[in-house]
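Right, one structure below, let's go through it.
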Amino acid sequence: MTTEKSKSAFSEAKKYIPGGVNSPVRAFASVGTYPLFIDHAEGSRIYDIDGNEYIDYVGSWGPMLLGHAYPKVVDAIKTAAAGSSSFGAPCLNETRLAKLICDAVDGVDVVRMVNSGTEATMSAIRLARGFTGRDIIIKFEGCYHGHSDSLLIKAGSGALTFGNVSSAGVVADLAKYTLVLPYNDIDAIEAAFDKMGSEIAGVIIEPVAGNMGVVPPADGYLQKIEALCREYGSVFILDEVMTGFRISPSGAIGKFGLHPDIVTFGKIIGGGLPVGAYGGRREIMEYISPTGPVYQAGTLSGNPLAMAAGLAQMTELTENPQIYDKLEESSTYLENGFREAAKAAGIDVHINRCGSMLSLFFTDKKVTDFNSACTSDIEKFKRYFNAMLKYGIYLAPSQFEAVFLSAAHTREDLDKTIDAAFKAVKEI
């Protein structure tokens with residue numbers, strides 16, 4: 001297998017694009033190689049510009065739940081494009097998609113469409129601050145909510161200390177309004193509210209962390225956060241950009257029986273096109289302009305291409321809930337196969353899975369938070385990734401990302417993947 005065309009394309013891209021990529025993880029830096037440049041994809045397969053074929057477990061980082069180039073989604077995009085790619089004015093599919101989301105998720109009365117998950121989370125915390133008149137936002141170490149200034153904050157030096165900025169260009173004073181707590185630590189969230197509950201505008205959390213690898217919530221953890229927010233009048237923000245309509249037909253809200261005040265969506269609701277959304281209780285959502293004082297706007301928000309693609313994908317999922325049964329079956333099968341491959345090679349691996357997203361951590365520790373995720377052997381993952389790629393399996397190029405399955409993955413795909421895993425673990 002040769003990838004010389006991708007290597008050359010990366011060299012050319014670096015002349016005109018920072019780092020040669022438009023999102024950092026795509027650079028493949030953490031796995032010690034250069035990125036593949038993709039020509040096209042279909043179903044469970046992705047094809048690079050050298051003509052190599054791979055079984056894809058990135059799925060555009062989550063949106064491709066039905067597989068690449070799903071015919072109904074492609075047809076919807078073609079139809080919409082024929083009528084113009086943007087109006088800058090309302091279109092009927094905005095309302096149709098919003099209604100579908102509201103009908104599918106309990107407690108979501110109103111939805112505002114935006115263009116990315118970052119826009120959605122940024123807007124959600126602004127809304128929480130505007131609604132409560134408070135400043136402090138709580139987030140959790142290892143959870144990623146996009147690259148807006150208030151959320152590019154890493155943990156402080158100890159418990160109940162405010163965070164530190166984690167990117168150049170972020171004003172340091174913003175960190176004093178963001179409290180970063182360890183994920184899955186009930187004592188920490190209780191202590192934070194006990195100390196400063198009347199100052200906390202909101203809490204934002206990934207219900208299943210997906211950006212330190214997949215880390216599910218401990219039993220009762222999310223419910224405790226919700227209860228504390230209710231007790232202290234803070235806004236409970238559930239970031240379902242990744243989990244929304246992936247881990248269940250109603251996302252984490254349905255899976256864990258939650259009642260957040262604001263929910264952020266992305267990925268799947270756009271069928272692979274740029275999209276984001278935030279929704280929630282009408283009382284809170286009507287604080288957004290033009291009905292309220294919290295300003296947020298977007299020229300391309302609710303654009304007809306994204307709305308058409310999202311509506312097509314969401315309609316297919318709504319009308320065929322058995323898709324989730326197939327995803328659960330496939331994901332369980334793959335998880336077991338990965339585990340058996342590691343066991344056969346005598347390699348320490350901890351696997352976390354929630355629905356159709358999973359992660360392999362090369363550690364003998366149980367992974368429940370950021371610190372335990374960091375015990376994973378990065379060098380082993382690097383070698384594993386490159387071996388799997390050699391055998392035609394396209395994984396996310398980072399230990400701290402998820403494997404995403406789609407409805408397009410067949411048993412044959414899974415068997416080929418497991419066979420590759422048995423070979424790959426022998427090479428690390």
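The values are calculated or read from the model by the stated rules, or taken from the named source; none is laboratory data. In this text, all values refer to a predicted model and were calculated from it rather than measured experimentally. We place every Cβ from the backbone using ideal geometry, glycine too, and count neighbours over all the protein chains shown. Quick note on the areas: whole protein, heavy atoms, side chains included, nothing else; ligands and nucleic acids left out. Shrake-Rupley method; radii C 1.70, N 1.55, O 1.52, S 1.80 Å.
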**Message:** Any residue that is in contact with a Ser or Thr (Cβ under 8 Å, 6 or more places away or on another chain) and within 26 Å of Ile247 (Cα to Cα) - is there at least one of those in the stretch 315-322?
**Reply:** no
**Request:** Would you mind stating whether Ala344 is open to solvent by 20 Å² or more (accessible area, probe 1.4 Å), outside any helix (DSSP H, G or I), of a type outside the set (Ser, Thr, Tyr) and more than 24 Å from Glu141 (Cβ to Cβ)?
**Result:** no
**Item:** Residues (open to solvent by less than 40 Å² (accessible area, probe 1.4 Å) and part of a loop (DSSP other than H, G, I, E, B)) located in the stretch 59-106
**Value:** Gly62, Pro63, Met64, Leu65, Leu66, Gly67, Cys91, Val105
**Asked** Of the conditions (1) of a type outside the set (D, E, K, R); (2) under 16 Å from Trp61 (Cβ atoms); (3) touching a strand residue (DSSP E or B) at 6+ places or on another chain (Cβ under 6 Å); (4) open to solvent by less than 10 Å² (accessible area, probe 1.4 Å), Thr243 fails just one. Which one is it?
**Response** (3)
**Asked** Of the residues Gly130, Gly197, which is open to solvent by less than 20 Å² (accessible area, probe 1.4 Å) and touching a residue at least 12 places away in the same chain (Cβ under 8 Å)?
**Response** Gly197
**Message:** Take Ala13 and tell me if it is of a type in the set (A, V, I, L, M, F, W, C), touching a helix residue (DSSP H, G or I) at 6+ places or on another chain (Cβ under 6 Å), outside any strand (DSSP E or B) and over 30 Å from Asp325 (Cα atoms).
**Reply:** yes
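Give the stretch 280-313 a look and list any residue that's part of a helix (DSSP H, G or I) and either in contact with a His (Cβ under 6 Å, 6 or more places away or on another chain) or over 21 Å from Ile204 (Cα atoms) (or both), or say none. First the steps, then the outcome.
As a first pass, look at the stretch 280-313 and keep what is part of a helix (DSSP H, G or I): 282-285, 304-313.
If the condition is that a residue be part of a helix (DSSP H, G or I) and either in contact with a His (Cβ under 6 Å, 6 or more places away or on another chain) or over 21 Å from Ile204 (Cα atoms) (or both), then Pro304, Leu305, Ala306, Met307, Ala308, Ala309, Gly310, Leu311, Ala312, Gln313 are the ones that fit.
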**Asked** What number goes with the only condition from (1) closer than 23 Å to Ile101 by Cα; (2) open to solvent by 30 Å² or more (accessible area, probe 1.4 Å); (3) touching a residue at least 24 places away in the same chain (Cβ under 8 Å); (4) of a type outside the set (Val, Ile, Thr) that Glu319 does not pass?
**Response** (3)
**Request:** Answer with yes or no whether Thr368 is β-branched (Val, Ile, Thr), under 28 Å from Thr417 (Cβ atoms) and out of contact with any helix residue (DSSP H, G or I) (no Cβ under 8 Å at 6 or more places or on another chain).
**Result:** yes
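Please specify each residue of the stretch 322-341 satisfying the condition of being of a type outside the set (S, T, N, Q) and either at pLDDT below 95 or open to solvent by less than 70 Å² (accessible area, probe 1.4 Å) (or both). Before the answer, list the steps.
Residues of the stretch 322-341 that are of a type outside the set (S, T, N, Q), as a first pass: 323-329, 333-335, 337-341.
Answer for the stretch 322-341, where residues must be of a type outside the set (S, T, N, Q) and either at pLDDT below 95 or open to solvent by less than 70 Å² (accessible area, probe 1.4 Å) (or both): Ile323, Tyr324, Leu327, Leu334, Glu335, Gly337, Phe338, Ala341.
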**Asked** Regarding Pro260, is this residue in contact (Cβ under 8 Å) with a residue 12 or more places away in the chain, over 28 Å from Thr332 (Cα atoms) and either open to solvent by 10 Å² or more (accessible area, probe 1.4 Å) or part of a loop (DSSP other than H, G, I, E, B) (or both)?
**Response** yes
